[in-house]
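The values are calculated or read from the model by the stated rules, or taken from the named source; none is laboratory data. Remember, it's a predicted structure, so these values are computed and weren't measured experimentally. As a convention, Cβ positions derive from the backbone with ideal geometry for all residues, glycine included, and neighbour counts pool all protein chains shown.
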Amino acid sequence: MGKQITNYSKLYSVESVTEGHPDKVCDQVSDAILDECLKIDPKSRVAIESFGSHGLFVVGGEVTTHAKFDAAKIAAKVYKEIGYKDKLKIITNIIKQSPDIAMGVDTGGAGDQGIMYGFATNETPEYLPKGVALVHKLTHGLADLRRKGKIGWLLPDGKAQVTMQGKDIKTILVSTQHKKGVSSETINAEITSKLIKKLVGDISGINILVNPTGKFEVGGFVADTGLTGRKIMVDTYGGLIPHGGGCFSGKDPTKVDRSGAYMCRFAAKNLVYQGYGKEKVKV
């Protein structure tokens, strides 16, 4: 019994989502608006939040910039490029940054306080735990198979989950949106052979789950709501270390939720690279 408890304590699960997941659509729209502002005015101050739900898409926030941009047009373009064909009613409500916040930034300070964490491990070339690196490769590979036309029935929404025990893979779960009329057997066989086996190799002893509910035809904002910043664990370390709580997307570098977290990751990664941390470094 003692050995089982010890092994169980080493179990961890992490998830990732595709570009077509509703929350990630919102992240991408918020970042696309930020990119447009920074491209024209590098000193832009941007805090953009997006929300999508069943045919409705709302973009709100605070922006101070010399850039001219059409938030609704950018949102529609991102949505289409991801691969969705349904139309959205897009509403925008963007105002200038609060003068109370601007006072702090104008003097070279940050727009807010916050708690940021950085993490790194020498377990993989990505300086991430094996499970975290693998789960992102699964969703990235899923998107590649769709975009490159290697699996014609794939649609944009999807996610993956990996459960590890120490450095051993115990379970791989992939859920993907698909066109109507595709059998579960076909989905299971193609995802296993063209995605999972390509990344993992020998899958004997691994519990493989592909679309475990049996059908995933309805996805995106037709099926679910999305919101900027609701995948902060996916964006960082899978919940394996603490998170300060602030999201990244839609924020310019004066927002330390983003820039501070990036610098903490940079510091941790370089400390591990230089050999100062054999397993992990958290700063």
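Only helices (runs of 4 or more DSSP H) whose full extent lies in region 130-223 are considered here, and the ones with at least 2 residues that are under 21 Å from residue 234 (Cα atoms) and either free of Cβ contacts under 8 Å to residues at least 60 places away in the same chain or in contact with a helix residue (DSSP H, G or I) (Cβ under 7 Å, 6 or more places away or on another chain) (or both) are 130-147, 220-223.
Residue count for region 184-233 satisfying the condition of being among the charged types (D, E, K, R) and either in contact with a Pro (Cβ under 6 Å, 6 or more places away or on another chain) or at positive phi (or both): 1. Residues that are within 10 Å of residue 18 (Cβ to Cβ) and small (Gly, Ala, Ser) were ranked within region 142-181; the one that is surrounded by the fewest Cβ atoms within 10 Å (Cβ to Cβ) is 143. Among the candidates 60, 52, the residue that is modelled with pLDDT of 95 or more, farther than 26 Å from residue 137 by Cβ and crowded, with 20+ Cβ neighbours inside 10 Å is uniquely 52. Going by what's in this entry, would residue 275 be described as out of contact with any Lys or Arg (no Cβ under 9 Å at 6 or more places or on another chain) and either free of Cβ contacts under 8 Å to residues at least 24 places away in the same chain or of a type in the set (Lys, Arg) (or both)? Considered against the rule, which asks whether it is out of contact with any Lys or Arg (no Cβ under 9 Å at 6 or more places or on another chain) and either free of Cβ contacts under 8 Å to residues at least 24 places away in the same chain or of a type in the set (Lys, Arg) (or both), residue 275 comes out as yes. Among the residues of region 27-59, those identified as part of a strand (DSSP E or B), under 15 Å from residue 252 (Cβ atoms) and hydrophobic (A, V, I, L, M, F, W, C) are 46, 47, 48. Taken as a whole, the structure leaves residue 200 outside the set of residues that are among the hydrophobic types (A, V, I, L, M, F, W, C), crowded, with 23+ Cβ neighbours inside 10 Å and at pLDDT 95 or above. Cβ-Cβ below 7 Å, separation at least six or inter-chain, first residue in region 30-42 and within 23 Å of residue 227 (Cβ to Cβ), second β-branched (Val, Ile, Thr) and assigned to a helix (DSSP H, G or I): which pairs? Going by the 7 Å Cβ cut-off, the qualifying pairs are 32/74; 32/78; 33/74; 36/74. Condition first: surrounded by fewer than 14 Cβ atoms within 10 Å (Cβ to Cβ), at pLDDT 95 or above and part of a loop (DSSP other than H, G, I, E, B). Can you find one or more residues in region 91-112 that meet it? The answer is no; no qualifying residue exists.
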